[in-house]
Structures are given as C-alpha cells and as structure tokens.
Amino acid sequence: MSEEEMIDQTSEELMEEEKLPFAKAEVVRLMKENLDDDKMIRERVKVEMNNFLYSVLKNVCEQLNDYPYTTIEYEMFKECTYPYTNITRINQEKERILLHLEAIKADCNALAMDVQKTLKLKDVVEDDTFTFSAPVEDEEELEDE
C-alpha cells in the first residue's frame, strides 16, 4: 500500500469518525469492557455499534415525543426503554406462548381425530323415497303433452 493510499484511508476513517453520533473511543472502551479479553473488534463493528446505539436513542426519543407533556419523567423513560431493558424476559414469554399454542394445536388435532372417528358421515347417499325435482328430460316431455 502506498503512502498516498494510507493517507486516503486514514482521512476516510477520520471523516467517518466525525459523522458518528457518539465518541468512537468511548463506545469501543465500553465494548471492550463487556467483551472477553481475547476478542478483537473490526472497524466496521465499532462504527455500526455507534450507529446502532444512536438508532436506539432515536427510537426511544420518538416514543417519548408521543407523550403530551413538556417534561419527560423517569416513568415515561422506563416505559419507552422497556423493550431494550427486558429483552430476555420478553423472549422467554414469547417461547412460553409458542409452547402453549403448540399444546393447543395438538389438542385441536386430537379432537378433530375423535370427531372423525365417532361422528363419521356416510359416504353413500341413501335413496330418498321423495324426489323434489323431476329430471330435465321429464319436464320437457310434460310440456309437450
């Protein structure tokens, strides 16, 4: 890589850094603090984490804007951040509901099988002694007479 290409790459990184919503060093420090010591973080991951955090902040602020009040209270903040702070519990609840739905589905299938066995309809229609309509051919013959 020539010196000129390295300068271009460094200037691109600096421009990217300027566009980031949060201080890149602080985000990287927090990531390293919460990752295992043997992990290395690629540049793109550092940038995308920064952008991701900003998108979360924007989403929370949009929800806070939905409140009609001019002052943002802690309870409002807690409500807006609930999906992010309780994701583990939300996923557990989702799994519980899915398992319950599977159990309901199995019960429905068992009931359907019982109905088919016990309330079987005859496949053959019995001859009725009463006919309500005459065949089309007979109607034409009646009209001719």
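Some notes on this structure:
- Taking segment 52-77 as the range and being open to solvent by 90 Å² or more (accessible area, probe 1.4 Å) and among the aromatic types (Phe, Trp, Tyr) as the test, the residues that pass are PHE52, TYR54, TYR69, TYR74, PHE77.
- Qualifying residue in segment 52-70 (condition: in a loop (DSSP other than H, G, I, E, B) and within 22 Å of the chain's Cα centre (by Cα)): no
The values are calculated or read from the model by the stated rules, or taken from the named source; none is laboratory data. Not measured: the values here are computed from a predicted model. Heavy atoms of the whole protein, side chains included, go into the accessibility calculation; ligands, DNA and RNA do not. Shrake-Rupley method; radii C 1.70, N 1.55, O 1.52, S 1.80 Å.
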